[in-house]
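To start, the structure itself, in structure tokens.
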Amino acid sequence: MSFKAVLSSLRPIQWVKNLFLFAALVFSQNLMLLSKSLQVCWAFVLFCLLTSGTYLINDLFDLQEDRKHPVKSKRPLASGQLSRSGALILAFLLVAISLGFSFRLHPQFGMVAGVYFLINLVYSAYLKHVVILDVMLVASGFVLRAVAGAVVIEADISSWLIICTVLIALFLALSKRRQELVMLAEDSSGHRRVLEEYSTYFLDQMIAVVTASTLMSYALYTFSPEVIRKFGTANLGFTIPFVLYGIFRYLYLVHQQAKGGNPTRVLLTDRPLMLDILMWFVIVWVILYR
């Protein structure tokens with residue numbers, strides 16, 4: 001069992017998803033407070049350990065299916081570079097350490113982390129095979145990250161934060177399912193049983209609903225009286241074009257470039273999308289902190 005195999009099995013590229021923990025820090029205008037920022041940074045590290053542990057558990061449940069998958073068969077566990085016993089021990093250590101320190105960091109943060117782990121455990125064991133519920137549970141993981149980032153600094157959890165996080169997470173999860181269905185074609189149900197319950201038309205219909213809902217919810221958020229009173233400005237509306245472009249660009253990558261099977265990799269490799277996200281963040285920072 002090599003260090004490279006262990007590191008690869010932890011899927012560090014997926015740690016990008018844990019950046020959702022910083023959402024409450026930014027929008028509660030606490031980003032410039034060192035103590036609050038350090039709290040969220042520690043929370044980010046612990047969630048990275050926790051998510052890596054859940055990925056290992058998921059890989060153990062999916063071992064037989066992954067060995068037949070054109071891409072997942074190259075993962076350390078599926079390819080035999082990492083033994084099942086080694087993966088199980090590593091997963092146990094990661095989950096135990098992360099949950100233990102999560103409760104020490106903040107009791108409520110520990111509870112959210114515990115709920116995240118239990119949901120992922122049930123998802124890996126059974127609910128990933130239940131149509132529609134599977135993508136909703138994937139989306140719930142992003143919501144719990146956002147909530148975890150709020151409770152660790154004891155910030156108010158905005159209903160707008162929850163709504164926008166749910167919708168964008170559903171958008172990414174549904175796009176991923178669509179790409180899996182297209183890539184695996186007739187063999188899709190053999191790799192992921194729930195895919196036989198989906199069709200590209202059905203997924204496109206749900207993606208259309210979620211896309212419109214995401215854009216409308218974000219627009220309503222930026223112009224809501226509550227948000228304008230809180231920040232003392234309605235200038236957040238200037239960030240809407242960047243959200244619009246980001247969603248349209250992602251749809252282009254899914255439909256025209258046959259990407260979207262790995263949302264994290266897309267976000268880290270597509271330069272126009274990366275630049276759009278960076279510009280959105282810079283403008284948000286200027287509006288809220290300058």
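Some values worked out for this structure:
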quantity: Unmet criterion (only one of (1) among the aliphatic types (A, V, I, L, M); (2) in a helix (DSSP H, G or I); (3) under 30 Å from K68 (Cβ atoms)) for A258; calculated: (2)
quantity: Residue match in segment 102-114 (condition: over 21 Å from the mean Cα position of the chain (by Cα) and either assigned to a loop (DSSP other than H, G, I, E, B) or within 30 Å of M183 (Cα to Cα) (or both)); calculated: yes
quantity: Number of the condition not met by P70 [criteria: (1) modelled with pLDDT of 80 or more; (2) surrounded by fewer than 19 Cβ atoms within 10 Å (Cβ to Cβ)]; calculated: (1)
quantity: The one condition in (1) under 18 Å from the mean Cα position of the chain (by Cα); (2) surrounded by 17 or more Cβ atoms within 10 Å (Cβ to Cβ) that V16 fails to fulfil; calculated: (2)
quantity: Single residue of segment 123-135 satisfying the filter (assigned to a helix (DSSP H, G or I) and touching a residue at least 12 places away in the same chain (Cβ under 8 Å)) that is farthest from A173 (Cα to Cα); calculated: A125
quantity: Residue list for segment 26-66, restricted to those being in a helix (DSSP H, G or I), more than 17 Å from the chain's Cα centre (by Cα), within 30 Å of Y289 (Cα to Cα) and touching a residue at least 40 places away in the same chain (Cβ under 8 Å); calculated: V26, F27, K36, Q39, W42
quantity: Enumeration of residues in segment 97-122 that are within 13 Å of A148 (Cα to Cα) and either without any contact (Cβ under 8 Å) to a residue 60 or more places away in the chain or not assigned by TED's automatic domain parsing to the domain that holds G53 (or both); calculated: L99, S102, F103, P107, Q108, G110, M111, V112, G114, V115
quantity: Residue pairs meeting the criteria (Cβ under 6 Å; at least 6 apart or on separate chains; first at pLDDT 85 or above, in segment 192-215; second aromatic (F, W, Y) and assigned to a helix (DSSP H, G or I)); calculated: V210/F171; T214/F171
quantity: Test: residue in segment 172-189 that is modelled with pLDDT of 90 or more and touching a Ser or Thr at 6+ places or on another chain (Cβ under 6 Å); calculated: no
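Each row is one residue, and each column tells you yes or no for (1) surrounded by fewer than 17 Cβ atoms within 10 Å (Cβ to Cβ); (2) modelled with pLDDT under 95.
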| position | (1), (2) |
| --- | --- |
| F109 | no, no |
| A113 | no, no |
| F117 | no, no |
| D134 | no, yes |
| R145 | no, no |
| D156 | yes, yes |
| I162 | yes, yes |
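The values are calculated or read from the model by the stated rules, or taken from the named source; none is laboratory data. This is a predicted model, so every value here is computed, not measured. A quick note on method: Cβ atoms are made from the backbone with ideal geometry, for glycine too, and the neighbour counts reach across all protein chains shown.
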